[in-house]
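Step one of this worksheet: look at the structure below.
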Amino acid sequence: MTNTPQTMGRRERLRAQTLQEIEDASFAIIDADGVQALSIAALARDMGMSAPAVYRYFPSRDALVAQLVTLSYEQLVAAMSQAVESSRKAPRAKVGLLVAAYRDWALRYRRRYGMLFGEPGGELPPDVSTRTPLDQAMALLVDLLTLVEGATESGTTSGDRTLDGQLRLWARSQERPDITPRVAAAALLIWSRVHGIVSLELTGMFDSHALEARRLIELEIDSAVRTLEPAGT
């Protein structure tokens, strides 16, 4: 939540404070046992409130989960944005920082990450938008890759069903019709492969193997970025 404005009245401040406490207590339940453990009754019990009192802030569990999903996306994006904005490194290096921040957040908040990306039993509300604050992180990645490539390409054809055509359509759906198919492909490959590696890491897939998820991620980033660089660099 945002800071309570000084101009708020006492009642508004108390409501904002209680709302913050509800969100914090909800995240505590999720961090401990996953989103499937969150219920209005459990939350009210942990907070020493009555269930009807909680319902004055959220009309249903679905509404509460939808708010927590939005907040979690915002937290993840904030961590990624900060990693990039605080660095003066070259765009290629910043791609690594962006991805590292994504992985670090996922490892720190495993259950929240599971809530965002399909933890079994999560049953996310159907009204949670498919477009999320995480689109901002994708935009950051696309911007960095565009700088790596150092060129743009214009022209799209709505009926073009080649891979390049599909990538151009995807770019338009992201409101970035200026980026090239190569940048779009690199962004999607990095995003999907990093997500896959991190998801496997969270399940313990690499625990008994002499493999480091971080090194696998670095390999995938390097492979994707190389497709954008001039030969011989």
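Annotation: Leu141 fulfils all but one of (1) at pLDDT 90 or above; (2) over 30 Å from Arg108 (Cβ atoms); (3) among the aliphatic types (A, V, I, L, M); the unmet one is (2).
Selection of region 69-83 for residues being surrounded by 20 or more Cβ atoms within 10 Å (Cβ to Cβ) and of a type in the set (A, V, I, L, M, F, W, C) yields Val69, Leu76, Val77, Met80, Ala83.
Candidates in region 58-68 are the residues that are surrounded by 12 or more Cβ atoms within 10 Å (Cβ to Cβ) and free of Cβ contacts under 8 Å to residues at least 40 places away in the same chain; of these, the one that is nearest to the chain's Cα centre (by Cα) is Arg61. Just one of the listed residues (Ala25, Ala32) is exposed (fewer than 12 other Cβ atoms within 10 Å of the Cβ), part of a helix (DSSP H, G or I) and not assigned by TED's automatic domain parsing to the domain that holds Leu202, and it is Ala32. Suppose we keep only residues that are among the hydrophobic types (A, V, I, L, M, F, W, C) and part of a loop (DSSP other than H, G, I, E, B) within region 176-232. Which one would you say is farthest from Gly165 (Cα to Cα)? Among them, the one singled out is Ala210. Only a single item in (1) closer than 18 Å to Pro91 by Cα; (2) under 21 Å from the mean Cα position of the chain (by Cα) is not met by Ala213, and it is number (1). Of the residues examined, Gln17 is not one that is surrounded by fewer than 15 Cβ atoms within 10 Å (Cβ to Cβ), within 20 Å of the chain's Cα centre (by Cα) and in a helix (DSSP H, G or I). A residue that is outside the structural domain of His195 (by TED's automatic domain parsing) and within 17 Å of the chain's Cα centre (by Cα) occurs nowhere in region 78-89.
The values are calculated or read from the model by the stated rules, or taken from the named source; none is laboratory data. Since the structure is predicted, the reported quantities are computational estimates derived from the model, not experimental observations. Using ideal geometry, Cβ is built from the backbone for each residue, glycine included, and neighbour counts are taken over all protein chains shown.
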